[in-house]
Structure formats: structure tokens, C-alpha cells
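The values are calculated or read from the model by the stated rules, or taken from the named source; none is laboratory data. Quantities reported herein were computed from a predicted structural model and do not represent experimental measurements. With ideal geometry, Cβ positions are generated from the backbone for all residues, glycine too; neighbour counts draw on all protein chains shown.
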Amino acid sequence: MLCDINSCSGCAACFNACPKGAISMVEDAEGFSRPQIDESACVRCGLCDKSCPVLNPVALNPPSPKALACWSLDNPVRLDSTSGGAFSELALAVLREGGVVFASGCDENLYLRVRRVENESDLGSVRQSKYWQSDVGTSLREIKGALKEGRRVLFVGTPCQVAGARAYLGDLQNDPLLWTADLICGGAPSPGVFRKYLDYLRETLGRGIRSINMRDKTKSWEFPRTSVVLEDGSKRILREEKDWFKTGFYNRLFNRPCCDECPYANKTRVGDLTIGDYWGLGSLDPVSYPKKKGVSAVLCNTPRGEMAIEAIKERCFIEERKSDELVQRAMERPAKSNRRREAFFADLKKEPIRVVVKKYLRRNWKTRLRSAVASLLPASLCAKFLKKSR
Ligand SMILES: Cc1cc2nc3c(=O)[nH]c(=O)nc-3n(C[C@H](O)[C@H](O)[C@H](O)COP(=O)(O)OP(=O)(O)OC[C@H]3O[C@@H](n4cnc5c(N)ncnc54)[C@H](O)[C@@H]3O)c2cc1C
């Protein structure tokens, strides 16, 4: 038996736990990966049930009283990261100790999966947020293997992925060598819709896409744009009308159904650490530093989390702040899907993508005008303008 289809997050704990290979992860009609049991191979051992975080919820950590404003002192790393680069510094600390990092990165076809990283030179492949759901694959088995070999492990993922890893690991989830970090998560969009987006970009740009950065900070962290590197190596900042995947993400148009009732969209956290963008920084107590290169918010939820912060403090700027200052809807309540979600998926099946984009994903004229003006301003004025025009 598996959990109810609408509660399943696709964490792949059951798939990793099955000793008979009777469970496979298959893509559903909306493009999300789901477990499927081959009844003829199933021996009813019940390990899939035992490892399911929906059927056996893991204990959540109490809210952290303080939030750390944090950024990497390595400028290129900070600029290449979505927020302040806290993830890269945690990963580096683990690798330098001979440990292994498991985090999400794209392959050459822009397929997003949890990857195993053992070398510093490969860290770039798992840096930056990709705003669609990643494939956990067999990484949970690899995490178990690495812990059993006595190696330090860092696993970073959305809260439901971290819950899946912990439920799968059973008693090993308490291993002092394991550090988990959950991302503050506003919902996991469909990988199937992202694939359609890639096809659309290839067609409209007339060339293949090598990589995509949905939070390009060249202008500023507070005014990120979407950029792509094309197959010839040239970089393009996408104009409004081509940036529709991010619009759909912000409008929660194609999130996984379970995100509507997410049990982790809360101040109680599933990881040893929580990392996100430090939105709201300076709203209660002023800050004495510029923010435009990006600032991570880091919450330490367990003693292991405290240990991890100790390990990066020499390489980061870290300031302790009141956690009330952190403005995060994703830590208050689940991100309910857009009311047009069902209609969107129905149309996506039968209409050409351009028609669907026009119907559901055009930003209103106010937002478009605001972005157009912001893109013309120098970085120093951009954040001020955006704040005033909100
Ligand atoms: C789907 C999604 C929704 C998010 N929503 C919010 C939000 O509402 N508020 C907020 O403050 N922050 C959100 N974040 C987190 C934020 O975008 C940054 O990932 C975080 O601040 C870490 O940034 P960094 O600078 O430390 O490092 P970065 O190098 O930018 O780290 C990115 C980390 O996220 C992992 N990652 C990237 N894409 C995925 C994915 N699809 N699934 C699982 N792991 C992934 C990478 O492997 C890496 O570990 C979200 C992230 C994702 C992936």
C-alpha cells in the first residue's frame, strides 16, 4: 500500500526502500513522478509503508528563535548562488572533511535530479534554485551507504524531500554524521511543464539551451531576472513574455497537488537547518550593509545544525537577527494552488503552448511596465524603485 495519491510528494522513499525493485517512479499526466507498484513482484514486506513520511510523519523541530543573515565571503560563489551562497559553504565544509553532498542539479539535457557530489569542482552543478521538482532517484540508498561507511553527509532538498530521506533512513536519521537542510519552499512546480517550457524556448530562441538561471542577480538580488546560456555559449536575459515559467511558479499554477496541504509550510522545520532568501532583512532592525549581492536566511533547528554553522563561520558573514523579521509566506501556511490550475492542465493537453501561455501566463500591464522600467535603471536605483512602486 502507498499513501493517498494527493498527499504523495514523490519523495521516492518507498521506491528506495523496496528490496524487490517492485516500485518504479512513473510520470503522471501532469508531469509529476509517482510511485507505482508491480503487484506481481511485490512480496508484501511493508517496507514501503514504513518508509513513507505521509503514513509515518517524522518529528518536526521546534521553531528557531533566531534567524541568521548569512553570505559567503567568496564573492563569485555568492554571486553565482540564488541567495547568499550558504548552501555552497555548507557543502564545501562537508567535502573538505571527506564527506559527500547530495543536492539537486541538472544534467546536460536540463533534467533535474538529486546528484552525488564528491569534489569541490563539481559543486557548481548543484548550485542555484531550479523552480521545478527534482527527481530523487536512488540517492537515498546512496546516503545510507555513505553514512554506513562513516562519511559525513549533507542532504539539501525541499522539506518533503528531507522528510522522505529521514523516514527512509529510520534510526540512521539520528546519525551525528548526517546534516539535512530544508529549503524554505513556496511549492514544487511540474517537471513536465518545465520540459514544455524548454521546447518553447528552443523554438522561439532558435537554439538549444545549455543552462537556465531563474534568479540571475546581475542587476540585483531583489530584482532577479531569468537568463539562459544558449548552445553557442552566448547568454540572454529573457524578456517578460518568454519568462512565463517563473510567472506560473509565482502564481502557483502548476504546483504538485500535495503542496496545497503541505505539512512543512510552517515554522516547525524538518531539517537540521533551513535555508532561504532573507526577505524582510532590515525591516525591524536596520542593516549596515548592502544586500544586492544576495543574503541567505539560515535557521539552526538542531544541535547538528549548530555544528554545521560552526563549520562555515570562518568563510561567511553571519549575523544573528530576530526571526520575526524574516518574511516568508512559505513558513506560515501552504501555498494554495491557483484556482485556474485544473483548467490550465486541461488546456495544456489539447491546445498549442502559445495559446495556453497567452490565456494563463501573461503578466498584467502594471507588472510588465514596472519590470520594464526597473530593467532600464542602474542596479543602485532598481531596488528603491521596486520598493516604492509596490
Ligand atoms: C522549488 C523551490 C521553491 C523555493 N521557494 C522559496 C521561498 O518561497 N522562499 C525562500 O526564501 N526560498 C525559497 N527557495 C529557496 C531559495 O530559492 C534558495 O534555494 C535558498 O535560499 C538557497 O540559496 P543559496 O544561495 O544558499 O544557495 P544556492 O546555490 O542557490 O542553493 C540552491 C540549493 O537548492 C537546491 N535545489 C535547487 N533546486 C532544487 C529543487 N528543485 N528541489 C530541491 N532542491 C533544489 C540545490 O541543490 C542547492 O542545494 C525555494 C527553492 C526551491 C528549489
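Just to check your reading of the model, which residue among 120, 108, 149, 142 is out of contact with any Leu (no Cβ under 9 Å at 6 or more places or on another chain), more than 19 Å from residue 178 (Cβ to Cβ) and away from the ligand (no atom under 12 Å from the Cβ)?
Answer to the selection: 108.
What number goes with the only condition from (1) crowded, with 18+ Cβ neighbours inside 10 Å; (2) within 11 Å of the ligand (Cβ to nearest atom); (3) within 24 Å of residue 297 (Cβ to Cβ); (4) not hydroxyl-bearing (Ser, Thr, Tyr) that residue 95 does not pass?
Status for residue 95: all satisfied but (2).
Would you mind finding the one in 314, 332, 310, 306 that is in contact with a strand residue (DSSP E or B) (Cβ under 8 Å, 6 or more places away or on another chain) and acidic (Asp, Glu)?
Criteria check complete, one pass: 306.
For the stretch 171-218, enumerate the residues that are on the phi > 0 side of the Ramachandran plot and crowded, with 22+ Cβ neighbours inside 10 Å.
187
Would you mind finding the one in 252, 239, 304 that is surrounded by fewer than 23 Cβ atoms within 10 Å (Cβ to Cβ) and at positive phi?
Answer to the check: 252.
Given the conditions (1) surrounded by fewer than 16 Cβ atoms within 10 Å (Cβ to Cβ); (2) touching a residue at least 12 places away in the same chain (Cβ under 8 Å), which single one is not true for residue 221?
Failing condition for residue 221: (1).
Which is touching a Leu at 6+ places or on another chain (Cβ under 7 Å) and not small (Gly, Ala, Ser), of 79, 90, 47, 60?
90
Consider residue 268 carefully, then state whether it is hydroxyl-bearing (Ser, Thr, Tyr) and closer than 22 Å to residue 293 by Cα.
So residue 268 does not fit the description; no.
I want to confirm something. Restricting to the stretch 308-326 and keeping residues that are without any contact (Cβ under 8 Å) to a residue 60 or more places away in the chain and within 24 Å of residue 176 (Cα to Cα), which single residue is surrounded by the most Cβ atoms within 10 Å (Cβ to Cβ)?
Looking at the filtered set, the residue picked out is 313.
Confirm whether residue 100 is more than 14 Å from the chain's Cα centre (by Cα), buried (at least 20 other Cβ atoms within 10 Å of the Cβ), without any contact (Cβ under 8 Å) to a residue 40 or more places away in the chain and within 18 Å of residue 151 (Cα to Cα).
no
Restricting the search to the stretch 273-321, which residues are at pLDDT below 95, out of contact with any helix residue (DSSP H, G or I) (no Cβ under 7 Å at 6 or more places or on another chain) and of a type in the set (Gly, Ala, Ser)?
Matches in the stretch 273-321: 282, 288.
Kindly provide the set of residues from the stretch 268-280 that are buried (at least 19 other Cβ atoms within 10 Å of the Cβ) and either within 11 Å of the ligand (Cβ to nearest atom) or not hydrophobic (A, V, I, L, M, F, W, C) (or both), ordered by number.
269, 271, 272, 273, 274, 275, 276, 277, 278
The conditions are (1) surrounded by fewer than 24 Cβ atoms within 10 Å (Cβ to Cβ); (2) within 12 Å of the ligand (Cβ to nearest atom), and residue 160 fails exactly one of them. Which is it?
Only one criterion is unmet by residue 160, namely (1).
Is it true that residue 163 is touching a Cys at 6+ places or on another chain (Cβ under 7 Å), of a type in the set (A, V, I, L, M, F, W, C) and assigned to a helix (DSSP H, G or I)?
Against the criterion (touching a Cys at 6+ places or on another chain (Cβ under 7 Å), of a type in the set (A, V, I, L, M, F, W, C) and assigned to a helix (DSSP H, G or I)), residue 163 qualifies.
Considering only the stretch 187-218, state which residues are out of contact with any strand residue (DSSP E or B) (no Cβ under 7 Å at 6 or more places or on another chain), within 18 Å of residue 292 (Cα to Cα) and free of Cβ contacts under 8 Å to residues at least 24 places away in the same chain.
218
Any idea which residue in the stretch 123-139 is farthest from the ligand (Cβ to nearest atom), counting only those that are in a loop (DSSP other than H, G, I, E, B) and closer than 28 Å to residue 174 by Cβ?
138
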